[in-house]
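**Student:** Next up is a structure, given as structure tokens.
The values are calculated or read from the model by the stated rules, or taken from the named source; none is laboratory data. Keep in mind that what you see is a predicted model, and the values were worked out from it rather than measured. Counting neighbours? That spans all protein chains shown, and the Cβs are built from the backbone with ideal geometry, glycine included.
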Amino acid sequence: MTAEYDDDRLGRARVSDTPELTAYYGELAELEAGALWTVANDIEPWYPQPKSVPVRWRYDALRPLVCKALDLVKADDAGRRVVMLVNPGRKDVSAAVGLLYTGLQIMGPGESMTAHRHQAAALRFVHEGTGAWTIVDGQKLKVGPRDFAITPNGTWHEHGNDADDGPVIWQDGLDIPLVNAMDAGFYEVHPELYQQPGKVINSSVLTYGANLLPYGVEKWTRPYSPLLAYPWEPTYQSLRNLARATEGSPYDGVIAEYTNPVTGGSVMPTMGAHMQLLRPGQSTKAHRHTGSVIYTVAKGRGYSVIAGQRYDWQQGDIFCVPSWAWHEHANLDQGEDACLFSFNDFPVMRSLGFHREEAYTDNGGHQPTE
Ligand code: GTQ
């Protein structure tokens with residue numbers, strides 16, 4: 001332990017057990033009570049102590065098992081046919097990192113599922129397949145590879161794949177563990193099992209998708225983005241344009257947040273999302289911040305160093321960065337850019353006043369690796 005965090009020296013709780021104290025603790029426990037000093041240093045740590053550890057999930061390894069579920073369970077029997085990514089330190093709450101859930105959902109050709117809604121908010125990032133659709137509060141959205149879409153909390157949603165051939169595999173991101181940590185979960189099945197979608201597909205993209213605030217539509221006052229899908233092509237083009245105009249972030253390369261076009265804020269109140277581009281051969285500097293992040297490799301190959309350990313990645317791979325863990329990214333390709341999609345709980349951290357960030361200053365800004 002460094003002197004900076006030495007509990008004894010700094011006068012934090014340091015009571016040793018005696019037979020009298022042990023008996024006393026027993027008496028308190030009988031009354032559903034306890035002595036603060038037995039837990040004080042654990043419940044008020046010097047700095048965040050996530051139970052989550054960094055994990056990289058290889059798409060090539062998971063994909064065959066995700067496909068296997070197609071034959072093993074019917075989508076409607078399973079509710080949603082999803083392989084969850086579970087952090088070894090967060091099995092108790094089915095989290096991939098912190099209070100964020102993620103999983104790979106597979107839908108066979110022609111499949112569709114019934115509608116439901118819940119307190120948890122959801123987002124999708126499409127890995128593969130051409131036939132993916134979802135209906136969110138009556139709006140039918142069609143999404144393709146690397147598109148990003150949101151299902152804000154409380155919105156009815158049902159999904160399907162209308163391709164004749166080939167499955168859809170998309171990644172779900174939800175704040176389920178957060179909602180449960182707050183004891184705020186609700187769930188409802190649609191009274192008619194299916195929604196009646198409006199005639200116009202991707203209507204929010206047509207309405208809000210071009211940095212122009214439309215006149216003649218009802219004023220948007222809900223706490224989430226009216227734009228429900230963010231297609232890959234314009235997103236990628238924007239990042240390439242941004243790379244021409246700016247240097248970007250020393251920690252993240254050329255990065256932009258998917259935003260609510262009405263407010264400029266995060267897409268939903270509990271989860272935000274980014275797309276970032278690493279230039280050919282670029283390696284970023286390390287930093288750390290409060291808030292958990294789940295990354296998906298949208299394009300290219302490279303590696304990230306997280307808490308001193310290197311994780312190589314390529315398109316489709318998913319990895320997580322626990323709160324307050326040092327992290328930096330590198331693009332291993334000297335000729336092509338690499339892109340990382342990510343989602344996070346930053347909106348929660350910010351709105352509660354929990355946001356903190358720190359740069360890694362030793363060693364030229366790079367963590368030593370084992
Ligand atoms: O699409 O409704 O991966 O409710 C987990 C819970 C997906 C969904 C998940 C869900 C959904």
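**Student:** Look through Val39, Val66, Val55 and report the one residue that is of a type in the set (A, V, I, L, M), within 16 Å of the ligand (Cβ to nearest atom) and either under 16 Å from the mean Cα position of the chain (by Cα) or modelled with pLDDT of 95 or more (or both).
**Tutor:** The match here is Val66.
**Student:** Tell me, please, whether a residue that is outside any loop (DSSP other than H, G, I, E, B) and crowded, with 21+ Cβ neighbours inside 10 Å can be found in region 179-200.
**Tutor:** No; the residues of region 179-200 include none that is outside any loop (DSSP other than H, G, I, E, B) and crowded, with 21+ Cβ neighbours inside 10 Å.
**Student:** Go through region 69-92 and give me each residue that's within 13 Å of the ligand (Cβ to nearest atom) and either part of a helix (DSSP H, G or I) or over 27 Å from Val297 (Cβ atoms) (or both).
**Tutor:** Passing the criteria: Ala69, Ala75, Asp76, Ala78, Gly79.
**Student:** Would you tally the residues in region 111-134 being under 20 Å from Val73 (Cβ atoms), of a type in the set (S, T, N, Q) and away from the ligand (no atom under 12 Å from the Cβ)?
**Tutor:** 1
**Student:** I've got another one for you. Within the group Leu10, Leu65, Leu104, which residue is part of a helix (DSSP H, G or I) and either surrounded by 10 or more Cβ atoms within 10 Å (Cβ to Cβ) or of a type in the set (Phe, Trp, Tyr) (or both)?
**Tutor:** Working: Leu10 fails: part of a helix (DSSP H, G or I); Leu104 fails: part of a helix (DSSP H, G or I).
After applying the criteria, what remains is Leu65.
**Student:** With respect to Thr155, determine if the residue is among the β-branched types (Val, Ile, Thr) and under 27 Å from Asn331 (Cβ atoms).
**Tutor:** Judged against the criteria, Thr155 is not a match.
**Student:** Ala95 fails exactly one of the following numbered conditions: (1) away from the ligand (no atom under 14 Å from the Cβ); (2) touching a helix residue (DSSP H, G or I) at 6+ places or on another chain (Cβ under 6 Å). What is the number of that condition?
**Tutor:** All conditions are met except number (1).
**Student:** When both residues are 6+ apart or on different chains and their Cβ atoms are under 6 Å apart, which pairs have a first residue that lies in region 99-111 and is more than 30 Å from Gly272 (Cβ to Cβ), and a second that is more than 8 Å from the ligand (Cβ to nearest atom) and outside any strand (DSSP E or B)?
**Tutor:** Gly108/Leu70; Gly108/Pro167; Pro109/Ala163; Pro109/Asp164; Pro109/Asp165; Glu111/Ala75
**Student:** Is there any pair linking a residue in region 67-88 that is under 26 Å from Tyr295 (Cα atoms) and aromatic (Phe, Trp, Tyr) to one that is away from the ligand (no atom under 12 Å from the Cβ) and not in a loop (DSSP other than H, G, I, E, B), with Cβ under 6 Å and at least six apart or on different chains, and which?
**Tutor:** No pair meets every condition.
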